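The values are calculated or read from the model by the stated rules, or taken from the named source; none is laboratory data. From a predicted model like this one, the values you see are computed outputs, not experimental measurements. Note: ideal-geometry Cβ built from the backbone for every residue, glycine included; neighbour counts use all protein chains shown.
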Amino acid sequence: MHFIAKYQNNDPDKLVAQAEKKLPDVQAKEAAEAHAQYRNEFESASSASDYQAFINNYKNNDPDNLVPKARQKLNSIFAKQNAEVRQAREDLAKWQNSLQVGDDTNCGEVLELRHGLVKVNFPVENYGNEHWIKKGLILRPGAGCEFVNGNYVPPNNG
């Protein structure tokens with residue numbers, strides 16, 4: 001197409017006419033390749049980011065109406081993730097509510113339980129070894145335990 005526009009008015013060898021004859025075949029081939037890529041991107045999508053990229057790329061050019069299907073799949077992924085997060089939170093709350101003296105936590109052994117608080121054995125320089133932490137903030141062993149200026153800072157990976 002660039003060739004045709006460039007040489008339209010200066011074509012001593014009459015190549016523009018030949019290019020114009022071939023142009024529909026070239027355009028059809030390019031369209032078929034683009035459509036195959038479009039279908040392949042939809043079929044190979046498996047993650048939220050894949051489906052979101054597909055939606056963003058084809059929302060204004062969706063020949064097979066796959067964008068609504070991609071949105072459904074994306075919503076299903078989000079619903080599943082939300083259910084998993086909800087279940088993990090419920091499991092954590094159940095574990096927190098079942099804590100007993102002697103159990104291990106992210107901040108060491110439970111020494112005492114009182115009114116929604118958990119007393120743990122975790123040495124903090126200049127702040128002693130025993131600390132009260134809200135039960136809803138205490139996590140399973142391995143989650144990490146940090147105190148800043150004597151105050152517990154829950155990890156983000158809980």
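Does any residue of region 126-146 turn out to be at negative phi and exposed (fewer than 11 other Cβ atoms within 10 Å of the Cβ)? Let's see the steps before the verdict.
We begin by selecting, within region 126-146, every residue at negative phi; these are 127, 129-141, 143, 145-146.
Right, trim to exposed (fewer than 11 other Cβ atoms within 10 Å of the Cβ) and you get none.
No.
Within region 147-158, if we keep just the residues that are within 26 Å of residue 88 (Cβ to Cβ) and in contact (Cβ under 8 Å) with a residue 24 or more places away in the chain, the residue that is surrounded by the most Cβ atoms within 10 Å (Cβ to Cβ) turns out to be 152.
Listed by first and then second residue, the pairs linking a residue in region 39-67 that is not assigned by TED's automatic domain parsing to the domain that holds residue 81 to a residue that is in a loop (DSSP other than H, G, I, E, B), with Cβ atoms under 7 Å apart and 6 or more places separating them unless they lie on different chains, form an empty list.
When region 1-20 is examined, which residues are found to be assigned to a helix (DSSP H, G or I) and over 48 Å from the mean Cα position of the chain (by Cα)? Talk me through it step by step, then tell me what you get.
Taking region 1-20 as the starting set, the residues that turn out to be assigned to a helix (DSSP H, G or I) are 2-7, 15-20.
If the condition is that a residue be assigned to a helix (DSSP H, G or I) and over 48 Å from the mean Cα position of the chain (by Cα), then 7, 15, 16, 17, 18 are the ones that fit.
In this structure, is residue 120 without any contact (Cβ under 8 Å) to a residue 60 or more places away in the chain, assigned to a loop (DSSP other than H, G, I, E, B), over 26 Å from the mean Cα position of the chain (by Cα) and farther than 30 Å from residue 34 by Cβ?
Values: without any contact (Cβ under 8 Å) to a residue 60 or more places away in the chain: yes; assigned to a loop (DSSP other than H, G, I, E, B): no; over 26 Å from the mean Cα position of the chain (by Cα): yes; farther than 30 Å from residue 34 by Cβ: yes.
So residue 120 does not fit the description; no.
Considering only residues in region 101-117 that are within 36 Å of the chain's Cα centre (by Cα) and more than 14 Å from residue 147 (Cβ to Cβ), the one that is surrounded by the fewest Cβ atoms within 10 Å (Cβ to Cβ) turns out to be 116.
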